[in-house]
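Reading through the C-alpha coordinates given below for one structure.
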Amino acid sequence: EAGVAQSPRYKIIEKRQSVAFWCNPISGHATLYWYQQILGQGPKLLIQFQNNGVVDDSQLPKDRFSAERLKGVDSTLKIQPAKLEDSAVYLCASRSPGRDTTYEQYFGPGTRLTVT
Amino acid sequence: QQQVKQSPQSLIVQKGGISIINCAYENTAFDYFPWYQQFPGKGPALLIAIRPDVSEKKEGRFTISFNKSAKQFSLHIMDSQPGDSATYFCASPTMFSGGYNKLIFGAGTRLAVHP
(Lines give C-alpha, C1' and ligand atoms only; values in the text may rest on other atoms or scores of the structure.)
Protein backbone atom coordinates (compact mmCIF):
# COMPACT_ATOMS: atom_id res chain seq x y z
CA GLU A 1 0.00 0.00 0.00
CA ALA A 2 1.47 3.34 -1.06
CA GLY A 3 1.83 5.95 1.65
CA VAL A 4 0.91 9.62 1.69
CA ALA A 5 2.82 11.47 -1.00
CA GLN A 6 3.86 15.12 -0.73
CA SER A 7 5.74 17.49 -2.98
CA PRO A 8 7.94 19.35 -3.08
CA ARG A 9 10.10 18.07 -0.22
CA TYR A 10 11.89 21.35 0.20
CA LYS A 11 11.09 24.93 -0.76
CA ILE A 12 12.94 28.18 -0.17
CA ILE A 13 11.15 31.43 -0.94
CA GLU A 14 11.46 35.09 -0.04
CA LYS A 15 8.90 36.76 2.18
CA ARG A 16 5.83 38.10 0.37
CA GLN A 17 6.17 35.40 -2.30
CA SER A 18 3.59 32.67 -2.74
CA VAL A 19 4.03 28.90 -2.47
CA ALA A 20 1.90 25.80 -2.94
CA PHE A 21 2.20 22.31 -1.54
CA TRP A 22 0.62 19.17 -2.93
CA CYS A 23 -0.60 16.04 -1.16
CA ASN A 24 -1.87 12.71 -2.42
CA PRO A 25 -3.41 10.67 0.44
CA ILE A 26 -3.63 6.92 0.78
CA SER A 27 -6.22 5.51 -1.59
CA GLY A 28 -9.64 5.29 0.02
CA HIS A 29 -8.85 7.65 2.87
CA ALA A 30 -11.71 10.12 3.06
CA THR A 31 -10.19 12.33 5.75
CA LEU A 32 -7.21 14.53 4.95
CA TYR A 33 -5.31 16.85 7.27
CA TRP A 34 -2.75 19.59 6.81
CA TYR A 35 -0.48 20.25 9.79
CA GLN A 36 2.17 22.86 10.43
CA GLN A 37 5.18 21.69 12.42
CA ILE A 38 7.49 24.45 13.57
CA LEU A 39 10.99 23.31 14.58
CA GLY A 40 10.95 21.86 18.07
CA GLN A 41 7.15 21.73 18.31
CA GLY A 42 4.42 19.20 17.73
CA PRO A 43 2.22 19.19 14.63
CA LYS A 44 -0.50 21.84 14.70
CA LEU A 45 -3.66 21.16 12.71
CA LEU A 46 -4.37 23.77 10.06
CA ILE A 47 -7.30 22.25 8.19
CA GLN A 48 -9.24 19.00 8.02
CA PHE A 49 -11.19 17.73 5.01
CA GLN A 50 -13.85 15.05 4.95
CA ASN A 51 -13.95 14.02 1.29
CA ASN A 52 -13.83 17.40 -0.46
CA GLY A 53 -15.55 19.38 2.28
CA VAL A 54 -13.85 21.36 5.06
CA VAL A 55 -14.83 20.22 8.57
CA ASP A 56 -12.32 22.28 10.56
CA ASP A 57 -10.20 25.24 9.54
CA SER A 58 -10.29 27.10 12.84
CA GLN A 59 -6.46 27.31 13.06
CA LEU A 60 -5.89 28.26 9.42
CA PRO A 61 -4.69 31.89 8.94
CA LYS A 62 -7.25 32.57 6.26
CA ASP A 63 -5.82 35.95 5.30
CA ARG A 64 -2.82 34.19 3.75
CA PHE A 65 -3.44 30.44 3.75
CA SER A 66 -5.89 28.55 1.56
CA ALA A 67 -6.47 24.89 0.86
CA GLU A 68 -8.62 22.85 -1.43
CA ARG A 69 -9.33 19.21 -2.07
CA LEU A 70 -10.87 18.75 -5.46
CA LYS A 71 -12.71 15.50 -6.18
CA GLY A 72 -12.02 14.34 -2.63
CA VAL A 73 -8.56 12.99 -3.39
CA ASP A 74 -5.50 15.24 -3.88
CA SER A 75 -5.15 18.45 -1.93
CA THR A 76 -3.14 21.64 -2.23
CA LEU A 77 -2.18 24.12 0.48
CA LYS A 78 -1.21 27.61 -0.59
CA ILE A 79 0.43 30.49 1.24
CA GLN A 80 0.18 33.98 -0.24
CA PRO A 81 1.99 36.12 0.78
CA ALA A 82 4.48 34.20 2.92
CA LYS A 83 5.91 35.59 6.14
CA LEU A 84 9.11 34.67 7.94
CA GLU A 85 7.10 32.92 10.68
CA ASP A 86 5.67 30.52 8.10
CA SER A 87 9.00 28.70 8.01
CA ALA A 88 8.07 25.18 9.10
CA VAL A 89 7.45 21.65 7.89
CA TYR A 90 4.00 21.23 6.37
CA LEU A 91 2.68 17.74 6.91
CA CYS A 92 -0.20 16.07 5.16
CA ALA A 93 -1.95 13.14 6.81
CA SER A 94 -4.89 10.94 5.97
CA ARG A 95 -7.00 8.32 7.72
CA SER A 96 -9.54 5.73 6.77
CA PRO A 97 -13.27 6.26 7.28
CA GLY A 98 -14.77 5.70 10.71
CA ARG A 99 -15.12 8.05 13.66
CA ASP A 100 -13.13 5.82 16.02
CA THR A 101 -9.95 6.02 13.98
CA THR A 102 -9.06 9.64 14.67
CA TYR A 103 -5.88 8.48 16.39
CA GLU A 104 -4.69 6.44 13.43
CA GLN A 105 -3.38 9.01 10.99
CA TYR A 106 -0.85 8.32 8.27
CA PHE A 107 1.59 11.13 7.66
CA GLY A 108 3.53 12.04 4.56
CA PRO A 109 7.22 13.03 4.72
CA GLY A 110 6.35 16.73 4.78
CA THR A 111 7.50 19.80 2.89
CA ARG A 112 10.16 21.88 4.60
CA LEU A 113 9.50 25.55 3.86
CA THR A 114 12.11 28.20 4.50
CA VAL A 115 11.05 31.84 4.13
CA THR A 116 13.94 34.29 3.88
CA GLN B 1 -7.17 25.76 21.93
CA GLN B 2 -6.81 22.94 24.44
CA GLN B 3 -3.34 22.08 25.67
CA VAL B 4 -1.36 18.89 25.86
CA LYS B 5 1.67 19.14 28.12
CA GLN B 6 4.48 16.68 27.44
CA SER B 7 7.61 16.10 29.49
CA PRO B 8 10.54 15.89 29.48
CA GLN B 9 11.58 17.96 26.47
CA SER B 10 14.61 15.74 25.94
CA LEU B 11 15.82 12.46 27.40
CA ILE B 12 19.09 10.58 27.31
CA VAL B 13 19.03 6.89 28.20
CA GLN B 14 21.68 4.19 28.11
CA LYS B 15 21.10 1.15 25.94
CA GLY B 16 19.01 -1.37 27.84
CA GLY B 17 17.51 1.24 30.12
CA ILE B 18 13.90 2.36 30.53
CA SER B 19 12.66 5.53 28.81
CA ILE B 20 9.62 7.23 30.34
CA ILE B 21 7.73 10.10 28.71
CA ASN B 22 4.74 11.77 30.31
CA CYS B 23 1.73 13.58 28.94
CA ALA B 24 -1.07 15.60 30.58
CA TYR B 25 -4.24 16.58 28.78
CA GLU B 26 -7.33 18.69 29.31
CA ASN B 27 -10.91 17.82 28.37
CA THR B 28 -11.12 15.27 25.63
CA ALA B 29 -13.35 13.19 23.46
CA PHE B 30 -13.85 9.46 24.05
CA ASP B 31 -11.29 8.17 21.63
CA TYR B 32 -7.93 6.47 21.60
CA PHE B 33 -4.87 8.29 22.98
CA PRO B 34 -1.89 7.71 20.68
CA TRP B 35 1.85 8.07 20.79
CA TYR B 36 3.64 8.91 17.57
CA GLN B 37 7.33 8.41 16.70
CA GLN B 38 9.16 10.72 14.33
CA PHE B 39 12.62 10.23 12.82
CA PRO B 40 14.51 13.17 11.28
CA GLY B 41 13.23 14.02 7.82
CA LYS B 42 10.18 11.79 8.17
CA GLY B 43 6.57 12.34 9.10
CA PRO B 44 5.27 11.08 12.46
CA ALA B 45 4.19 7.43 12.54
CA LEU B 46 1.72 5.86 14.94
CA LEU B 47 3.59 3.82 17.55
CA ILE B 48 0.92 2.67 20.00
CA ALA B 49 -2.51 3.83 21.20
CA ILE B 50 -4.75 3.14 24.18
CA ARG B 51 -8.50 3.28 24.77
CA PRO B 52 -9.45 5.69 27.60
CA ASP B 53 -11.29 2.91 29.49
CA VAL B 54 -8.11 0.82 29.79
CA SER B 55 -5.29 1.51 32.29
CA GLU B 56 -2.43 -0.12 30.43
CA LYS B 57 -1.54 -1.41 26.99
CA LYS B 58 1.65 -3.22 26.06
CA GLU B 59 3.06 -3.91 22.62
CA GLY B 60 6.48 -5.49 22.68
CA ARG B 61 8.87 -3.14 24.47
CA PHE B 62 6.38 -0.27 24.43
CA THR B 63 3.76 0.27 27.17
CA ILE B 64 1.20 3.03 27.67
CA SER B 65 -0.04 3.67 31.20
CA PHE B 66 -3.27 5.68 31.41
CA ASN B 67 -4.58 7.51 34.48
CA LYS B 68 -7.97 8.92 33.57
CA SER B 69 -8.66 10.59 36.95
CA ALA B 70 -5.38 12.50 36.78
CA LYS B 71 -5.75 13.17 33.03
CA GLN B 72 -2.29 11.81 32.42
CA PHE B 73 -0.75 9.06 30.36
CA SER B 74 2.79 7.92 29.80
CA LEU B 75 4.93 5.94 27.39
CA HIS B 76 7.44 3.42 28.74
CA ILE B 77 10.11 2.00 26.46
CA MET B 78 11.72 -1.05 28.01
CA ASP B 79 15.21 -2.23 27.02
CA SER B 80 15.75 0.99 25.05
CA GLN B 81 17.83 0.59 21.88
CA PRO B 82 19.81 3.10 19.80
CA GLY B 83 17.25 2.57 17.04
CA ASP B 84 14.61 4.04 19.37
CA SER B 85 16.36 7.41 19.17
CA ALA B 86 13.67 9.69 17.75
CA THR B 87 11.18 12.34 18.78
CA TYR B 88 8.02 11.08 20.47
CA PHE B 89 4.70 12.92 20.49
CA CYS B 90 1.65 12.22 22.59
CA ALA B 91 -1.74 13.37 21.35
CA SER B 92 -5.15 13.93 22.87
CA PRO B 93 -8.38 13.47 20.89
CA THR B 94 -10.68 16.48 21.05
CA MET B 95 -14.20 16.86 19.75
CA PHE B 96 -15.12 19.91 17.75
CA SER B 97 -18.26 21.12 16.01
CA GLY B 98 -20.04 18.65 13.76
CA GLY B 99 -19.19 15.71 15.98
CA TYR B 100 -15.74 15.24 14.48
CA ASN B 101 -12.61 14.54 16.51
CA LYS B 102 -9.14 15.88 16.00
CA LEU B 103 -5.77 15.31 17.66
CA ILE B 104 -3.97 17.91 19.75
CA PHE B 105 -0.27 17.04 19.84
CA GLY B 106 2.22 17.62 22.61
CA ALA B 107 5.45 19.50 21.95
CA GLY B 108 7.49 16.32 21.67
CA THR B 109 10.29 14.56 23.54
CA ARG B 110 13.62 14.03 21.84
CA LEU B 111 14.98 10.67 22.98
CA ALA B 112 18.62 9.70 22.54
CA VAL B 113 19.66 6.16 23.45
CA HIS B 114 23.39 5.83 23.88
CA PRO B 115 25.10 2.50 23.19
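The values are calculated or read from the model by the stated rules, or taken from the named source; none is laboratory data. This structure is a prediction, so every number in the text was calculated from the model and none was measured. Backbone-built Cβ (ideal geometry, glycine too); neighbour counts: all protein chains shown. Surface accessibility is based on the protein's heavy atoms, side chains included, excluding ligands, DNA and RNA. Shrake-Rupley method; radii C 1.70, N 1.55, O 1.52, S 1.80 Å.
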Can you list the lysines whose alpha carbon sits under 22 Å from that of residue B:5, skipping same-chain ones fewer than 8 residues off? A:44, B:57, B:68, B:71, B:102
When only Cα pairs under 8 Å and 6 or more residues apart are kept, what is the percent relative contact order across chain B? 36 percent
Take residue B:42 and residue B:72, extend 7 Å from each Cα along the Cα→Cβ direction, and tell me the distance between the two endpoints in nm. 3.0 nm
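With every protein chain kept in place and ligands, DNA and RNA left out, what is the accessible area per residue of region B:4-114? Probe 1.4 Å, answer in Å².
46 Å²
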Summarise the accessible area of region A:26-111 (1.4 Å probe, protein heavy atoms) by the percent that is carbon and sulfur. 50 percent
If the cut-off is 19 Å between C-alpha atoms, which aspartates and glutamates fall inside it for residue A:83, apart from same-chain ones fewer than 8 positions away? A:14, A:63
Summing +1 per Lys or Arg and -1 per Asp or Glu among the other residues with Cβ less than 11 Å from residue A:80's Cβ gives +2
Radius of gyration and maximum dimension Dmax of the protein assembly as shown, Cα, Å: 17.6, 50
Euclidean distance between Cα centres, region B:15-55 to region A:50-101, Å: 23 Å
Projected label distance in nm at residue A:59 and residue B:97, using a 7 Å step from Cα toward the beta-carbon: 1.8 nm
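With a 1.4 Å probe, what is the total accessible area buried between chains A and B, in Å² rounded to the nearest 100?
Between A and B, the summed buried area is about 1900 Å².
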Residues in region B:1-24 occluded by at least 30 Å² - accessible area, probe radius 1.4 Å, against chain by itself: B:1
When the accessible area of region B:4-114 is computed with all protein chains present and a 1.4 Å probe, what percentage of it is carbon and sulfur? 52 percent
Accessible-area loss of at least 50 Å² in the complex relative to the chain alone (1.4 Å probe) applies, within region A:79-114, to A:99, A:102, A:103, A:107
Relative contact order of chain A, please, whole-number percent, based on alpha carbon pairs below 8 angstrom and at least 6 residues apart. 37 percent
Could you list which residues have their amide H under 5 Å from that of residue A:103, counting only those 5 or more apart in sequence or on another chain, with H placed in the peptide plane? B:32
Across the Cα atoms of chain B, what radius of gyration and what greatest pairwise Cα-Cα distance (Dmax) are found, in Å? 13.9, 49
Protein-only accessible surface order, largest first, of B:102, B:58, B:15 at 1.4 Å: B:58, B:15, B:102
For residue B:69, tell me the accessible area in Å² from a 1.4 Å probe, rounded to the nearest 10. 110 Å²
Give me the Kirkwood hydrodynamic radius of region A:5-115, using the inverse of the mean 1/r over all pairs of distinct Cα atoms, in Å to one decimal. 13.9 Å
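Suppose all protein chains stay in the model; what accessible area per residue would a 1.4 Å probe give for region A:5-115, in Å²?
47 Å²
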